[in-house]
Amino acid sequence: MTQRGTRGQTRIWLRIAFLVAVTMLVPAPRPVSGADLKIAVVDMQRALNDCEAGKKAKDQVKAKFERSQEALRHQREDLDRMKEDYDKKALVLREEERRNLEKDLENRSLEFKRKYEDFQRDLKRTDAELTSSIVQELYDIVREYGQQHGYSLVLEASSGTLLYNDKAVDVTDEIVKIHNSSPHKEHAPKRGGEKE
C-alpha cells in the first residue's frame with residue numbers, strides 16, 4: 001500500500017472517531033412524555049350552537065331570515081306572474097309596448113337580484129354581529145379553563161384540522177356549562193330604528 005493510501009484511510013478513521021466522540025458527548029434530546037403534556041379539545045362551533053346565548057342569537061337570525069325570505073318570495077311570485085303575462089301577450093303586442101314590458105321585466109329582475117344579494121349580506125352581517133361577542137366570551141372561557149386545569153394545549157375541533165380525539169379530552173360541554181352560568185353582556189346590538 002502506498003503512503004498516500006495510508007494517509008487517506010487514516011483521515012477517514014479520524015473523522016469516524018471524531019463523529020463517535022461528538023455523539024457521545026452531546027446529550028440526546030429528552031423525549032416528551034404524555035405525562036408532561038395535558039391536552040384538551042373544544043368544538044367551538046358546537047359550543048356556540050349549544051350555549052343559551054348562541055341559541056338565542058341563532059333564533060334571532062332565523063326569525064330575520066324567515067321575514068325577509070317571505071317578502072322575497074312574494075316579490076318572486078309577482079315577477080313570475082309578470083313574465084307569464086308577457087309570454088302570453090308578446091306576440092299580439094305592438095313593438096313599442098313589447099319593448100317597454102321587456103325593459104320593465106328586466107328592471108324588476110335586476111331589482112329582485114339586488115334585494116336577494118343585499119338580503120344574503122345582511123343576514124351574514126347580522127349573524128356575525130350577534131355571535132362575535134359570544135365567540136369571544138367562549139374563547140376567554142377556554143383560555144381561563146385551560147390555565148386553571150393545567151392544560152398544555154387546548155385544540156379547536158371544528159376547524160377541520162383535528163382528525164381524531166378521544167372523547168375523554170373533549171371539554172366542550174364544560175365550556176358550555178361555564179358560559180351558561182356566567183353573566184353576559186347583551187349580544188343583540190340594535191341599529192338605529194331597527195325592529196327585531
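The values are calculated or read from the model by the stated rules, or taken from the named source; none is laboratory data. Keep in mind that what you see is a predicted model, and the values were worked out from it rather than measured. Cβ: placed from backbone, ideal geometry, glycine included. Neighbour counts: every protein chain shown. Protein only, heavy atoms only, side chains kept; ligands, DNA and RNA dropped before computing areas. Shrake-Rupley method; radii C 1.70, N 1.55, O 1.52, S 1.80 Å.
General observations
- All conditions but one from (1) under 17 Å from the mean Cα position of the chain (by Cα); (2) surrounded by fewer than 17 Cβ atoms within 10 Å (Cβ to Cβ) apply to L138; the one that does not is (2).
- Candidates are the residues of the stretch 79-102 that are not in a helix (DSSP H, G or I) and not charged (D, E, K, R); the one that is surrounded by the most Cβ atoms within 10 Å (Cβ to Cβ) is L93.
- Residues (within 22 Å of A53 (Cα to Cα) and open to solvent by 70 Å² or more (accessible area, probe 1.4 Å)) located in the stretch 103-131: K124, R125
- Tallying residues that are surrounded by fewer than 17 Cβ atoms within 10 Å (Cβ to Cβ) and of a type in the set (A, V, I, L, M) within the stretch 41-78 yields 3.
- Qualifying residue in the stretch 150-170 (condition: part of a helix (DSSP H, G or I), modelled with pLDDT of 90 or more, within 17 Å of C51 (Cβ to Cβ) and not β-branched (V, I, T)): no
- First in the stretch 160-179 and closer than 18 Å to H149 by Cα, second anywhere and in a loop (DSSP other than H, G, I, E, B) and hydrophobic (A, V, I, L, M, F, W, C), Cβ under 8 Å, 6 or more apart: D170/A157; T172/A157; V176/C51; H179/C51
- In the stretch 171-185, the residues that are farther than 19 Å from L130 by Cα and either touching a Gly at 6+ places or on another chain (Cβ under 7 Å) or not in a helix (DSSP H, G or I) (or both): V171
- The sole residue among I141, I134 that is under 30 Å from S182 (Cα atoms) and touching a Ser or Thr at 6+ places or on another chain (Cβ under 8 Å) is I141.
- Scanning the stretch 36-70 for residues that are of a type in the set (D, E) and in contact with a Gly (Cβ under 6 Å, 6 or more places away or on another chain) yields nothing.
- Criterion (among the small types (G, A, S) and farther than 30 Å from I178 by Cβ) met by exactly one of A53, A90: A90
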